[in-house]
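What follows is a short report on a single structure.
Read-outs throughout are calculated quantities, based only on the coordinates presented, and are distinct from any laboratory measurement. Everything numeric in this text was worked out from a predicted model, so none of it was measured. A quick note on method: Cβ atoms are made from the backbone with ideal geometry, for glycine too, and the neighbour counts reach across all protein chains shown.
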Amino acid sequence: MTTLPDTDVPLLVLADVTSEVEQRLVADAVPGGEATTVLPLRSAALTGPLATASPDTVVTAVRVAWNSRRPSASARRRSARGRLHDARPSLLRRPPAPLQAAVLRRDPDRARVVVAEPATVAELRERWDGTGDLAAFVAHQAALALDRAERLVVGDRAKVPRQVAEAIQYSPEFRAEVAALAARLERPEEEVLAEAVEDLRGLVAAMDPVAVELFSGLLRPVHARAWDVQADTARLDELRELNRRHPLVFLPSHRSYVDPLVLADVLAAHDFPRNHVLGGENLRFWPVGPVAKRAGLVFIRRSFGDDQVYKLAVREYFAFLLAKRFNLEWYMEGGRSRTGKLRPPRHGLLRFVADAVERGRVEDAYVVPVSITYDQLREVTGMAAEQGGAAKRGEGLSWMASYIREQVRTPLGTVHVGFAEPLSLAAALRGGADPADPDARRLTLQKVAFQVAVGINSVTPATATALVTLALLGVRDRALTLAQVQRVLEPLLAYLTDTGRPHSGAALHTPAGVRRVLAALAQQGVVTVYEGGEEPVYAIERGQHLVAAFYRNSAIHHVVDRAIAELVMLRDPVDRWEEAIRLRKLLEFEFFFPEREAFRERLTAELERLDPHWETADGREVLCGAPLLLAHRVLRSFVDAQLVVAERLAARDPRTPVVQADFLAECSGVGQQMLLQGRLHGPESLSRELFASALQLAANLDLVDPGREELARRRQEWAAQVRDVVGRVGVIDELDAASRRENVGVEP
């Protein structure tokens, strides 16, 4: 228990207590005497005493801090096995008032009186800007000082914001921004202020411990029963120390609705304060929305348009949170990945963090790339259906009940969480061009977003599920024996290990391990097993190719350079580097490539792995002798989708405008025909998202907007280029099959 020292100086003690037990604890800690006055921590009780207090009167505050219950021995054992959520300490530290006396009899150390840093009345008046009520200002400052003192006892997890909307509304910075905006918009300042405050109240999320526990408790079974959480926590000590000086902005990959729940449990288990998580308005349905908002979920519009007042509210809210070192979290892809690989990042929200740094509201903010990867996901089936043209089911209470029922049905393996090296936004902004140039600033933030995506990929493991589906999708309309699957996996695992790529495929070194992964995929209906012959054979279940591709695609960023190197080797030696640049251009809307020189270094390393004399060697001979060929397993669905788009554009009258929705529907229909005719390798290429990426590439090549005969010629040339790449992918498939027939006697 902490006690206040006796003093002859007038002392004003503000007591933040909620029960008789807490009042007794505070009374024991507060010194008696005529110089001491104890008041409740309420502005109404402070007005008179502050008005009559001498300037040297010392003001402080006290509160009873309650520590969490110690987890049970069984919970600690489960935690040691990696189930972070089982031993997660509760935010509800304070026992109900009727039980507090009994709790203290059993465990006197559960409660401790904490004392806020004191200040004199003169100092408080000097800090006060003269607006609003002095008593309200002092009460607010006392509450913040108590929060800081309490966190020294209970840890940073208990850090929560209080009276945020009011603090922003009455701040001089906010009033100045409102006045400046009103002048620019030529609107009355009072009108702009009222609108901005209303927007603020819609944005500001509370962090009520009761709501946090209710929200987390209701939703935790969605992931706790489905997955074991395996977190790479090596970087968390560094991040926690960094967080003592600077706010963190966590930017995870987005594959599931449960991503924020998983990340929250990992961070809570390592004593991080709860993040303010930004979410779309589509999740603001009753009754989840009101509880989520009080549990730290910030509902934000997906598009701001030209609403300058709303942008001001967001900018000031971000600046307030960052200045107080509250951490943020959002998902830069703008939605869950439908293909399994990272979507192109959106950097719009990042500009508000950059604003806070550039305007000096916060010294720096560190961006933390986070990878969240699942062995299996039930919601992939729905996302795959959307890729085939099905409508997305709207979120609501019935949707949520159905979603939870599906998730808790049976275990789904492991969810892997990894943290990449944090990025200093201040350093990125200093290293960029003139911040007054909007185009240069936009480019700087695009580069930061790109670095985040690269960081996420660097710590995303190639899961056992991803590697097995990569093997099965590499063959067309055929099943593989267990031994044949292993013959694909062995050199692939060796490559990942030798090149230092993260993977969780250690179990795949044994037939029993591969069989377990195949059985898990079969249980979820992704793989079909035929056991009526000499030995079981495995294939992708009919209609499940897009689901299997989702799992495969979560790992292919680790082998894209290798796949491109193989295609390069099928070119004439004098044309190999130019071909590498052409392939990089062809795939730049699918994968994250570094700057040209860095790309050249990476690709040269892959070519040298194939053959140290790659610049002059015979490409076919090199590939025939390679222990591992990947281009047909990694790139085929992407270039096949590009082939559909390229040929539909080439067949189109160049004067006819392209309406995206209609054109993608056309690609889906014609793509299905091409698949039936054998012109496409497999159904995994019939993805609307892949068609959309290919159309975006075509637009970047200026092949979409209407034109004349010259446009028709360039469309034909692009289609010919894509056909050439598709053809070389097929050649590598044939070389791989021939090599395996020769070495094993059985084609995989």
Residue separation between Ser402 and Glu535 times 0.36 nm, minus their alpha-carbon distance, gives in nm 44.0 nm
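Treating only the Cβ atoms of Lys and Arg (+1) and Asp and Glu (-1) as charged, compute the dipole magnitude of segment 631-746 about its Cα centre; round to the nearest 20 debye. Let's see the in-between values first.
On the way: 15 positive and 17 negative charges, 22 e Å.
Around 100 debye, computed over segment 631-746.
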Between Arg105 and Ala45, what FRET efficiency follows from the Cβ-Cβ distance if R0 is 25 Å, with the result rounded to 0.05? 0.20
Among Gln446, Phe599, Val38, whose Cα lies farthest out toward the positive end of the dipole of the chain, if unit charges sit on the beta carbon of Lys, Arg (+1) and Asp, Glu (-1)? Val38
Glu597 paired with Val670, simple spin-label distance in nm, labels 7 Å along Cα-to-beta-carbon: 4.2
Within segment 204-306, list the trypsin sites (Lys or Arg not before Pro) lying in a DSSP loop whose Cβ has at most 15 other Cβ atoms in a 10 Å radius. Arg225, Arg244, Arg245, Arg301, Arg302
C-alpha long axis of helix 20-29 to longest principal axis of the chain, angle in °: 70
Past the 27 Å Cα-Cα mark, which pairs from Lys311/Lys447; Lys293/Lys341; Lys293/Lys392; Lys341/Lys585; Lys341/Lys447; Lys447/Lys585? Lys293/Lys341
Give the residue from Pro49, Thr497, Leu473 lying farthest towards the positive end of the charge dipole for the chain; charges sit on Cβ (+1 for Lys and Arg, -1 for Asp and Glu) and the dipole is referred to the Cα centre. Leu473
Cα long-axis angle, helix 636-650 against the chain (0 to 90 degrees, to the nearest 10): 80
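What is the calculated FRET efficiency for Ala661 to Glu395, with r their C-beta to C-beta distance and R₀ = 25 Å, to the nearest 0.05?
Working: r = 22 Å, r/R0 = 0.89.
Plugging the Cβ-Cβ distance into 1/(1 + (r/R0)^6) gives 0.65.
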What distance in nm separates the simple spin-label points at Asp724 and Arg244, each placed 7 Å from Cα in the Cβ direction? 5.9
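Taking R0 as 35 Å, what FRET efficiency do you get between Asp129 and Arg184 from their Cβ-Cβ distance, rounded to the nearest 0.05? Spell out each step's value before the answer.
Details: r = 24 Å, r/R0 = 0.69.
Between Asp129 and Arg184 the formula returns 0.90.
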Between the modelled labels at Asp56 and Arg302 (7 Å from Cα along Cα→Cβ) the distance in nm is 6.4
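Using 0.36 nm per residue, how much length does the chain from Ala507 to Arg713 gain when fully extended, once their Cα-Cα distance is taken away?
Numbers: separation 206, 0.36 × 206 = 74.16 nm, distance 5.20 nm.
The span from Ala507 to Arg713 would gain 69.0 nm if fully extended.
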Provide the percentage of antiparallel DSSP beta bridges, counting only those with both residues in the chain; round to the nearest 5. 40
Using 0.36 nm times the number of residues separating Glu734 and Asp437, minus their current alpha carbon distance, what extension gain do you get? 101.7 nm
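Would you mind classifying segment 561-677 by shape? Square roots of the alpha carbon gyration tensor eigenvalues, ordered a ≥ b ≥ c; an a/c under 1.5 is rounded, otherwise it is prolate if a/b is larger than b/c and oblate if not. Display every interim value, and only then the final one.
Values: a/c = 2.61, a/b = 2.00, b/c = 1.30.
Note, shape of segment 561-677 comes out prolate.
Take peptides 678-687, 550-559, 492-501 and line them up by average Cβ neighbours within 10 Å, highest first, as a rough protection proxy. Can you show the working numbers first?
Numbers: 678-687: 21.7, 550-559: 25.9, 492-501: 15.2.
Result, highest mean first: 550-559, 678-687, 492-501.
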Mean residue ellipticity (222 nm) of the chain, computed from DSSP H runs ≥ 4 via -39,500 (n - 2.57), nearest 500: -16000 deg cm²/dmol
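If you put +1 on each Lys and Arg Cβ and -1 on each Asp and Glu Cβ, how big is the dipole of segment 514-555 around its Cα centre, in Debye rounded to 20?
Working: 4 positive and 4 negative charges, 49 e Å.
Charge dipole of segment 514-555: 240 debye, to the nearest 20.
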Rounded to the nearest 10 degrees, what's the angle between the helix 560-569 long axis and the longest principal axis of the chain, both from Cα atoms, 0 to 90? 20
